[in-house]
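Before any comments, here is the structure.
The values are calculated or read from the model by the stated rules, or taken from the named source; none is laboratory data. Computed from a predicted structure; not experimentally measured. Cβ sites come from the backbone with ideal geometry, for glycine too, and all protein chains shown count toward neighbours. The area values use the complete protein model at the heavy-atom level, side chains included, leaving out ligands, DNA and RNA. Shrake-Rupley method; radii C 1.70, N 1.55, O 1.52, S 1.80 Å.
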Amino acid sequence: NVRLQIGRFKTPFYVPFWRSGADRPYTLDYDSGRRAGIGYYANLGMQLEASPQVSVVAGIMPTEKEGIGLGGDMYYDFMTKPSSYLYRTKGEAHVLQTTQDRGYALWRHRYDHDDDLILRMEMEQWSDEEFFKDFFYDEYRNRTTPRTFANVTYRQPAYIATGTVRVNTHSWIEETERLPEATFHLIERPLAGRFYAAYDTITGYN
């Protein structure tokens, strides 16, 4: 058992931790701290294994400045289950909504048609420009704005070709309008002796 502590204040409550296994298909996770945007916070989530391919997380996140957040996460992986309609797919979904009408939603999906053709999609929506920075600063440091796109990649031994479509669904993001983008990469190959050549091109319209 772990003693629950919010900031420097030790509460009289204890938080039990269970590890997942054949007889305990769930896990409790707890995290707390302080961030400039939301003040002191506690993040408690319970992960359930709905099936060997699907895990679901339900969570609650009380904060000092931004009310209480309720959210959930889902992870799925059907890459090795041929009997499923979702065979060769995997992904994750996350959502968090606070009592102060702030929140976000994110869905990532990957589909491997075969070893050569791969489709990746991502849809993300923030309630405001500062939300992800305030609540998830450690992840925010490695990125900029929310992203919504679809990408298809075709791989061959001699080359790789891709196509990407991006969509802006946030009014507070000002960026150049883009048409679909295509890339072609000729993999390095020998020309003569010790001389090698490779070629890359990106075609798009801003």
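Magnitude of the Cβ-charge dipole of the range 141-196, K/R +1 and D/E -1, about the Cα centre, nearest 20 debye?
300
Could you pull out the longest piece of the chain with no exposed loop chymotrypsin sites (Phe, Trp or Tyr not before Pro) in it, calling a site exposed if DSSP puts it outside H, G, I, E, B and it has at most 16 other Cβ atoms within 10 Å?
With chymotrypsin sites (Phe, Trp or Tyr not before Pro) excluded where exposed in loops, the chain gives 19-84 as its longest stretch.
I'd like the carbon and sulfur percentage of the solvent accessible area for the chain, probe radius 1.4 Å, heavy atoms only, ligands and nucleic acids excluded.
54
Quick check: the distance between the Cα centres of the range 141-206 and the range 46-117, to the nearest angstrom?
A separation of 26 Å, based on Cα centres.
Cα atoms only: what Rg and Dmax, in Å, come out for the chain?
Every Cα atom of the chain included, Rg and Dmax give 22.1, 75 Å.
So, for the chain, what is the accessible surface per residue at a probe of 1.4 Å, expressed in square angstrom?
In whole numbers, the chain has 68 Å² accessible per residue.
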